[in-house]
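Right, one structure below, let's go through it.
The values are calculated or read from the model by the stated rules, or taken from the named source; none is laboratory data. Note that the structure is a prediction, hence the values are computed from the model and not measured. Methodologically, a virtual Cβ is constructed for each residue, glycine included, from the backbone with ideal geometry; neighbour enumeration extends over all protein chains shown.
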Amino acid sequence: MKEKQHGEAIEKGLKALGITKEDAEIKVLENEDKRSFFSILAPRVVKVQITSKKEVKIEKVKRNKEEMAHTDFGQAIKQVEEFLTKWSKTLPSKDIHYEVKQEEGYLKIDINGDDLNYLIGHRGEVLNQLQIILSSIASKNSEYKVRVILNICGYKERREKSLEELADKLEKTVARTKKSITLEPMTAYERKIIHTELQNSKRVVTSSVGEEPYRKVVISVRQNYNNK
């Protein structure tokens, strides 16, 4: 009964906005299971919030541009370089060199050297933690958070290729079985790779579920797709 009411509310909202389910972000605002004993005879009211993904994307772009305009990247680069200079001297690997530069509204940090796999970790877990630390350092004394993309010995390129291959493989699986697949938790950067790789697929659609840092990508068969 609950699923039916939610479905009806969602369908009405989608129709009113003139968009499809694939183009919408849907959130249930009120859980009908939380009703009290005294309201059990009252009419059931289901509330959902439906937002066009296009509108959300435009708002994010506007917000990012505003943050970029007020970010002192020169100060951010200086703070990161000072940290890396001191930190690199404490590592067992001595042949380490790095480059910090501004690129498309974020700081790109490349670290290279011999035997740096311990700074990458299993599936980039250590690298991702270092990226968070460097973002915090870059954002010090800044009103806005400075986004950082950290790459160590070309790991990002290898990981990107691996995720693209995984996305293509799962696209075929979902299209064949018509069953959704939820991937393991990924960073925003990694989720974007999956979304981008499959954004033009005629067989599947992608979405993200959960809260950071456990947010995951879900790959589902596209509505009305027929693989026969």
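If you scan segment 196-222, which residues turn out to be within 23 Å of residue 129 (Cβ to Cβ) and not in a strand (DSSP E or B)? Across segment 196-222, the qualifying residues are 210, 211, 212, 213, 214, 215. For segment 104-123, a residue qualifies if it is in contact (Cβ under 8 Å) with a residue 40 or more places away in the chain and closer than 23 Å to residue 146 by Cβ, and the qualifying residues are 105, 106, 107, 108, 109, 110, 111, 112. Among the residues of segment 176-192, those identified as of a type in the set (A, V, I, L, M) and at pLDDT 95 or above are 181, 183. Highlighted here are the strands (runs of 3 or more DSSP E) found entirely within segment 36-153 that include at least 1 residues which are closer than 18 Å to residue 192 by Cβ and at pLDDT below 95: 96-103, 106-113, 148-152. A search for C-beta distances below 7 Å between a residue of segment 192-206 that is farther than 13 Å from residue 168 by Cβ and any residue that is surrounded by fewer than 21 Cβ atoms within 10 Å (Cβ to Cβ), counting only pairs 6+ apart in sequence or on different chains, returns 202/222; 205/22; 205/220; 205/222. Checking each residue in segment 101-144 for being among the basic types (Lys, Arg) and farther than 20 Å from residue 214 by Cα picks out 101, 108, 140. Within segment 154-195, can you find the residues that are among the basic types (Lys, Arg) and part of a loop (DSSP other than H, G, I, E, B)? Passing the criteria: 178, 179.
Under the condition of being surrounded by fewer than 16 Cβ atoms within 10 Å (Cβ to Cβ) and over 15 Å from residue 85 (Cα atoms), the residues counted in segment 102-120 number 8.
On the basis of being buried (at least 18 other Cβ atoms within 10 Å of the Cβ), closer than 23 Å to residue 77 by Cα, over 16 Å from the mean Cα position of the chain (by Cα) and among the β-branched types (Val, Ile, Thr), does residue 133 make the cut? No: the conditions fail for residue 133. Selection of segment 147-165 for residues being farther than 23 Å from residue 99 by Cβ and loosely packed, with under 15 Cβ neighbours inside 10 Å yields 162, 165. Does segment 175-217 hold any residues that are surrounded by 14 or more Cβ atoms within 10 Å (Cβ to Cβ) and either in contact with a Pro (Cβ under 6 Å, 6 or more places away or on another chain) or in the same structural domain as residue 132 (by TED's automatic domain parsing) (or both), and which are they? Correct list: 216 only. Taking the options 170, 127, name whichever one is within 30 Å of residue 220 (Cα to Cα), within 22 Å of the chain's Cα centre (by Cα) and not assigned by TED's automatic domain parsing to the domain that holds residue 205. Result: 127 is the single residue among 170, 127 that is within 30 Å of residue 220 (Cα to Cα), within 22 Å of the chain's Cα centre (by Cα) and not assigned by TED's automatic domain parsing to the domain that holds residue 205.
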